[in-house]
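Contents: one structure, followed by commentary.
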Amino acid sequence: MNRDAAWGLLTEHTPSESLRKHARAVEACMRAYARKFGEDEEKWGITGLIHDFDYERWPSAEDHPFRGNEILTQLNYPEDVRRAILSHADYSGVKRETPMEKTLYACDELAGLITAAALVKPNKSLAEVDAPSIRRKMKDKAFARSVNRQDIINGAADLGVELDQHITFCIEAMRSIASDLGLAGVNAG
């Protein structure tokens, strides 16, 4: 299992640039948490990168992430990676137990909300968002309505991290790759 192969898998199944950027954002959050928790940064990062690789092709709850799990099994991805990806979908029936599983769940929806919040800022930059601005966006049900706010709240709680700290941590992780996410600002080089 290596990042280049994981990126190839993602790009093979995910033509959408926005979903690829979401995958990169979740990867950044997962890598940062792996460092914080003293875990395997490469494994956690790859798990974040490929967690939705099958979504564009098979978006229904009957298929995602189950079809992807079949592919990952054929490619000999480790069971803990496959289990984490299955557990990020509440409807999968796979209970989140390990730190990696809980972290993936905690970062997934939040990365989407942080991205959406940055994109509506004047300079379209992660430098313009912070925990209070994200909390305000969470209260605005019309904003990024596909993002499940309760998943964000539950994810932080299951991870044992205070919500504002979790938001700030993920913003910082995503800032480390802001250019790759197209969120470095309209005036950024």
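The values are calculated or read from the model by the stated rules, or taken from the named source; none is laboratory data. Note that the structure is predicted; figures quoted are calculated from it, not measured. With ideal geometry, Cβ positions are generated from the backbone for all residues, glycine too; neighbour counts draw on all protein chains shown.
Here are a few things to note about the model shown:
- Selection within the range 3-18 - closer than 15 Å to Asn69 by Cα and without any contact (Cβ under 8 Å) to a residue 60 or more places away in the chain: Ala6, Leu10, His13
- Selection of the range 1-17 for residues being surrounded by 19 or more Cβ atoms within 10 Å (Cβ to Cβ) and in contact with a helix residue (DSSP H, G or I) (Cβ under 7 Å, 6 or more places away or on another chain) yields Ala6, Leu9, Leu10, Thr14.
- Enumeration of residues in the range 41-75 that are surrounded by fewer than 15 Cβ atoms within 10 Å (Cβ to Cβ) and in contact (Cβ under 8 Å) with a residue 60 or more places away in the chain: Leu75
- Pair list, Cβ under 7 Å, 6 or more apart: the range 77-91 residue free of Cβ contacts under 8 Å to residues at least 40 places away in the same chain, other residue among the charged types (D, E, K, R) and surrounded by 15 or more Cβ atoms within 10 Å (Cβ to Cβ): Arg83/Glu101; Ala84/Glu101; Ser87/Arg96; Ser87/Glu101; His88/Asp108
- Matching residues in the range 133-184 - criterion: being touching a strand residue (DSSP E or B) at 6+ places or on another chain (Cβ under 8 Å) and part of a loop (DSSP other than H, G, I, E, B): Leu183
- In this entry, Ala106 passes the filter for residues that are modelled with pLDDT of 95 or more, small (Gly, Ala, Ser), crowded, with 21+ Cβ neighbours inside 10 Å and farther than 18 Å from Arg20 by Cα.
- Tyr77, sole failed condition from (1) closer than 26 Å to Ala117 by Cβ; (2) at pLDDT 95 or above: (1)
- Glu172 vs. criteria exposed (fewer than 15 other Cβ atoms within 10 Å of the Cβ), among the acidic types (Asp, Glu), within 18 Å of Glu27 (Cα to Cα) and touching a residue at least 40 places away in the same chain (Cβ under 8 Å): yes
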